[in-house]
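For reference, the structure is listed below as structure tokens.
The values are calculated or read from the model by the stated rules, or taken from the named source; none is laboratory data. Being a predicted model, the structure only gives us computed values, none of them experimental. Positions of Cβ are generated from backbone atoms using ideal geometry, with glycine treated the same way; all protein chains shown enter the neighbour counts. Side chains included, ligands, DNA and RNA excluded: accessible areas come from the protein's heavy atoms. Shrake-Rupley method; radii C 1.70, N 1.55, O 1.52, S 1.80 Å.
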Amino acid sequence: EIAAHLGHPVYWFVYPAGSYDAAAEAAAAEAGYLLAYTTDPGSDISSASPMAEPRVRVHGSDSLAAFAAAVS
């Protein structure tokens, strides 16, 4: 539905509320996603775990310096 709405394929997935396990990772891969993001903190994307990538949480109150520190 999202791909049809956007008019192009969607290759990235974010687990709802960050909840995932091995079965969810397998389902995301089988659905054709190339990367899936968790709510686990981090900024290093790894080819070893493409279906369980961490992400940097950004809050509206964060300064640019705080964001830069989080992704460095």
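Summary table
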{"quantity": "Cα centre as origin, Lys/Arg/Asp/Glu Cβ charges: the chain dipole, Debye", "calculated": "200 debye"}
{"quantity": "Kirkwood Rh, angstrom, the chain [1 / mean 1/r, Cα pairs]", "calculated": "13.5 Å"}
{"quantity": "Accessible-area composition of the chain, carbon plus sulfur, in percent [1.4 Å probe]", "calculated": "61 percent"}
{"quantity": "Options G60, S72, G7, ranked by Cα towards positive dipole end of the chain, top entry (Cβ charges)", "calculated": "G60"}
